[in-house]
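The values are calculated or read from the model by the stated rules, or taken from the named source; none is laboratory data. Note that this is a predicted model, so its numbers are computed, not measured. Cβ sites come from the backbone with ideal geometry, for glycine too, and all protein chains shown count toward neighbours. Side chains included, ligands, DNA and RNA excluded: accessible areas come from the protein's heavy atoms. Shrake-Rupley method; radii C 1.70, N 1.55, O 1.52, S 1.80 Å.
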2 protein chains.
Amino acid sequence: MKASSILGMLAAAMAGMASAAEPAPIAIAVHGGAGTISRELMTPQREQAFRTKLEEAIRAGHGVLTAGGTSLEAVTRAIRILEDSPLFNAGKGAVFNAAGQNELDASIMDGASLDAGAVAAVHRVRNPIDLALRVMTHSKHVMLIGEGAEQFAREQGFELVDPGYFHTEDRWQELQAAKARELTRHRDPEKWLSTVGAVALDRAGNLAAGTSTGGLTNKRWGRVGDSPIIGAGTYANNDSCAVSATGTGEFFIRHVVAHSICVRVAGGEDVASAANAMVNEVLAAAGGDGGVIAMDGKGNIAMPHNTPGMHRASIDRNEVLFVGIYRDEP
Amino acid sequence: MKASSILGMLAAAMAGMASAAEPAPIAIAVHGGAGTISRELMTPQREQAFRTKLEEAIRAGHGVLTAGGTSLEAVTRAIRILEDSPLFNAGKGAVFNAAGQNELDASIMDGASLDAGAVAAVHRVRNPIDLALRVMTHSKHVMLIGEGAEQFAREQGFELVDPGYFHTEDRWQELQAAKARELTRHRDPEKWLSTVGAVALDRAGNLAAGTSTGGLTNKRWGRVGDSPIIGAGTYANNDSCAVSATGTGEFFIRHVVAHSICVRVAGGEDVASAANAMVNEVLAAAGGDGGVIAMDGKGNIAMPHNTPGMHRASIDRNEVLFVGIYRDEP
């Protein structure tokens, strides 16, 4: 027998012992959007508010997992907290479209069954991630849009909120600024592509991913980005990985980014290298800005972004907490 | 020098000679939906009408290619003919949703640039494939939906038709039958998942794919299937292949079918085996009914379906015409 074979058997035996001694890993990661934000334009108070809310979301999601909850429950719990905060472009903090409306998209996917749910262009659903989950669990369909999706929500007992619920003064001023720039043909000085998302691994070894967004400020014509598109903004498969994306959605759709990362992982690439290749090579070469959070079936986490910042947080399989905003944070 | 190297050089030289002697290949394939239709339920007249229209569409698309047109032009030309026919569930022949409306989806993708366009839930656009193309060529976006998409159409000078244009008696009776079955909880006796699509390769070596549909009879809640989803129902990349799908859309979304076939081809699998694996192994195992048309960069065509029938036609790189409906046609 060759020495390498003996070493291989030893390694396998040790891995077996480790798995017998330790509980199966759990892990979770969230993002709150990627963008060109720089330290110069961020106040210390605002930065702290982001970090505090990201930590609240990641701890809540992790709490679901430690209590034996599913990755789907952890993902929705974490995303709901980000949706309910006015800081992020999803739910309460959604940006305004050109018509002065808040138009919300979300999707979720179960890595165990490949079941998925998505909603687009809803205006009165407080937590679009909950509706995406309900589409997955209580309809035969994957994607419902517009008034039809809200009708489904009503039939499912969701309480619809007045569209005014989503009105925040900051976002309203962003719309006015965007319209003014449109008139003067100035480019957006601070392109912040915020969206929220989460990926998680539960004790049963199941992965899940979810994404929720208000889309683009001043968007027109019922534009839908990658967030509600299974394969582009969200994908999960226990055999490979779970991914949630944020960025210039059109590029993420064309390159089917979330699915592409999972295909690479299924082919034997590690999740960090697969996610990095799609974000910093394929998307960067195409001109697509943004990032992803990705997690494989062992709870390994990657959070690459090709923008100066990405709001993100994680609690890894060793229970180590990380919260970051800028690219140079480890 | 090894014999294998010399053989390799000889083969490369011969391939070069062949390409110098012959013009670059062109090819096109179309589908008009897959389903459980059986010869017993089809009248000879109706069968002939389908074959005639499929041949008209494939010849028109091929004519674009022989005249030096692009694969995008060929795909849209062929799909427009199928949309304008009341025989197929797209454009004029679209099925009715539960509210008695015709609700149309379409998408298109350019394999050279990975540019893509898609529209969903439009009610007044005569040829949704044209609008999908316009979204691709005249907006920064990939996907526009609902009234917003129609507003974009108006701004682009599209003449919107009265929704009554899409009313055909056959489809209306299908809706009434579906509603009656719903009441009696009978299952649909003839599940025909029709949608139309095309893939083409032009003289410049560029692939394109497009898909157009009226969705499901009696569909509710703004349900969107795979047809307007880039990656699921439509994908094209010069480096791999072009695909248009038809079937139970939810399964095609979960398995990102069109993109998955292209990823396999990019990995070295031939297009016939890649398309067959997704349709007859992955989808069939998951319970997804339907089929695809797929074409690689050399003009090789695959049209696998796991249903008893799929309306389909092709003119291959040797200018051989094929028109088929049932699975046992070669």
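Can you spot a residue in segment B:301-309 that is in contact (Cβ under 8 Å) with a residue 40 or more places away in the chain, touching a Leu at 6+ places or on another chain (Cβ under 6 Å) and not in a helix (DSSP H, G or I)?
No, because not a single residue in segment B:301-309 is in contact (Cβ under 8 Å) with a residue 40 or more places away in the chain, touching a Leu at 6+ places or on another chain (Cβ under 6 Å) and not in a helix (DSSP H, G or I).
Got at least one residue in segment A:165-177 being open to solvent by 40 Å² or more (accessible area, probe 1.4 Å) and among the polar types (S, T, N, Q)?
Within segment A:165-177, one or more residues are open to solvent by 40 Å² or more (accessible area, probe 1.4 Å) and among the polar types (S, T, N, Q).
Condition first: outside any strand (DSSP E or B) and within 20 Å of A:L193 (Cα to Cα). Now tell me which residues in segment A:310-330 satisfy that.
Within segment A:310-330, A:R327, A:D328, A:E329 meet the criteria.
Out of the residues in segment A:211-240 that are within 7 Å of chain B (Cβ to nearest Cβ) and among the β-branched types (V, I, T), state the one that is surrounded by the most Cβ atoms within 10 Å (Cβ to Cβ).
A:I229
Among the residues of segment B:180-188, is any surrounded by 24 or more Cβ atoms within 10 Å (Cβ to Cβ) and among the aliphatic types (A, V, I, L, M)?
Checking segment B:180-188: not a single residue is surrounded by 24 or more Cβ atoms within 10 Å (Cβ to Cβ) and among the aliphatic types (A, V, I, L, M).
Determine, yes or no, whether A:I6 is at pLDDT below 95 and in a loop (DSSP other than H, G, I, E, B).
Working: at pLDDT below 95: yes; in a loop (DSSP other than H, G, I, E, B): no.
Against the criterion (at pLDDT below 95 and in a loop (DSSP other than H, G, I, E, B)), A:I6 does not qualify.
Check B:E319 against each of (1) surrounded by fewer than 24 Cβ atoms within 10 Å (Cβ to Cβ); (2) under 15 Å from the mean Cα position of the chain (by Cα); (3) not hydrophobic (A, V, I, L, M, F, W, C) and name the one condition it does not meet.
Of everything listed in (1) surrounded by fewer than 24 Cβ atoms within 10 Å (Cβ to Cβ); (2) under 15 Å from the mean Cα position of the chain (by Cα); (3) not hydrophobic (A, V, I, L, M, F, W, C), B:E319 misses just condition (2).
Which one of the conditions (1) modelled with pLDDT of 95 or more; (2) over 12 Å from the mean Cα position of the chain (by Cα) does A:M295 fail to meet, given that it meets all the rest?
Going through (1) modelled with pLDDT of 95 or more; (2) over 12 Å from the mean Cα position of the chain (by Cα) one by one, A:M295 breaks only (2).
Out of everything in segment A:89-113 that is acidic (D, E) and open to solvent by 10 Å² or more (accessible area, probe 1.4 Å), what residue ends up being nearest to A:S227 (Cα to Cα)?
A:E103
Does segment B:135-152 include one or more residues that are touching a Leu at 6+ places or on another chain (Cβ under 7 Å), surrounded by fewer than 24 Cβ atoms within 10 Å (Cβ to Cβ) and more than 23 Å from A:P228 (Cβ to Cβ)?
No: zero hits.
State whether one or more residues within segment B:61-68 are part of a helix (DSSP H, G or I), at pLDDT 95 or above, touching a Gly at 6+ places or on another chain (Cβ under 6 Å) and away from chain A (no Cβ under 14 Å).
The answer is no, given that none of the residues of segment B:61-68 is part of a helix (DSSP H, G or I), at pLDDT 95 or above, touching a Gly at 6+ places or on another chain (Cβ under 6 Å) and away from chain A (no Cβ under 14 Å).
For A:G100, which of the numbered conditions (1) on the phi > 0 side of the Ramachandran plot; (2) at pLDDT 95 or above fails to hold?
Only one criterion is unmet by A:G100, namely (2).
Are any residues in segment A:262-271 open to solvent by less than 50 Å² (accessible area, probe 1.4 Å) and more than 11 Å from chain B (Cβ to nearest Cβ), and if so, which ones?
A:V265, A:V271
Conditions tested, residue by residue: (1) at the interface with chain A (Cβ under 8 Å from one of its Cβ atoms); (2) touching a Lys or Arg at 6+ places or on another chain (Cβ under 7 Å); (3) under 23 Å from B:D110 (Cα atoms); (4) at pLDDT 95 or above.
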site: B:I129; (1), (2), (3), (4): no, yes, yes, yes
site: B:V135; (1), (2), (3), (4): no, no, yes, yes
site: B:H138; (1), (2), (3), (4): no, no, yes, yes
site: B:H141; (1), (2), (3), (4): yes, yes, yes, yes
site: B:L144; (1), (2), (3), (4): yes, yes, yes, yes
site: B:Q151; (1), (2), (3), (4): yes, no, no, yes
site: B:F158; (1), (2), (3), (4): no, no, yes, yes
site: B:H167; (1), (2), (3), (4): no, no, no, no
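So, in segment A:230-242, how many residues would count as being assigned to a strand (DSSP E or B) and more than 13 Å from the chain's Cα centre (by Cα)?
Adding up the residues that qualify gives 1.
So, in segment B:69-88, exactly how many residues are in a helix (DSSP H, G or I) and open to solvent by 60 Å² or more (accessible area, probe 1.4 Å)?
4
Is it the case that segment A:97-105 has a residue that's more than 12 Å from chain B (Cβ to nearest Cβ) and touching a strand residue (DSSP E or B) at 6+ places or on another chain (Cβ under 7 Å)?
Scanning segment A:97-105 turns up at least one residue that is more than 12 Å from chain B (Cβ to nearest Cβ) and touching a strand residue (DSSP E or B) at 6+ places or on another chain (Cβ under 7 Å).
For residues in segment A:21-52 being among the charged types (D, E, K, R) and open to solvent by less than 50 Å² (accessible area, probe 1.4 Å), which is modelled with the highest pLDDT?
A:R51
Among the residues of segment B:173-184, are any among the hydrophobic types (A, V, I, L, M, F, W, C), out of contact with any strand residue (DSSP E or B) (no Cβ under 6 Å at 6 or more places or on another chain) and modelled with pLDDT of 95 or more?
Keep residues of segment B:173-184 that are among the hydrophobic types (A, V, I, L, M, F, W, C), which gives B:175, B:177-178, B:180, B:183.
Next cut, out of contact with any strand residue (DSSP E or B) (no Cβ under 6 Å at 6 or more places or on another chain) only: B:175, B:177-178, B:180, B:183.
Those left that are additionally modelled with pLDDT of 95 or more: none.
So far as segment B:173-184 goes, no, none of its residues is among the hydrophobic types (A, V, I, L, M, F, W, C), out of contact with any strand residue (DSSP E or B) (no Cβ under 6 Å at 6 or more places or on another chain) and modelled with pLDDT of 95 or more.
Being in a helix (DSSP H, G or I), touching a residue at least 40 places away in the same chain (Cβ under 8 Å), open to solvent by less than 30 Å² (accessible area, probe 1.4 Å) and within 14 Å of chain A (Cβ to nearest Cβ) narrows it down to one of B:A274, B:A245, B:A258, so name that one.
B:A258
Scan segment B:172-186 for residues that are farther than 25 Å from A:A149 by Cα and in a loop (DSSP other than H, G, I, E, B) and report the count. Write out each step before concluding.
Step one: filter segment B:172-186 for residues farther than 25 Å from A:A149 by Cα, giving B:173, B:184, B:186.
Going one step further and asking which of them are in a loop (DSSP other than H, G, I, E, B), we end up with B:186.
Residues flagged as farther than 25 Å from A:A149 by Cα and in a loop (DSSP other than H, G, I, E, B) within segment B:172-186 amount to 1.
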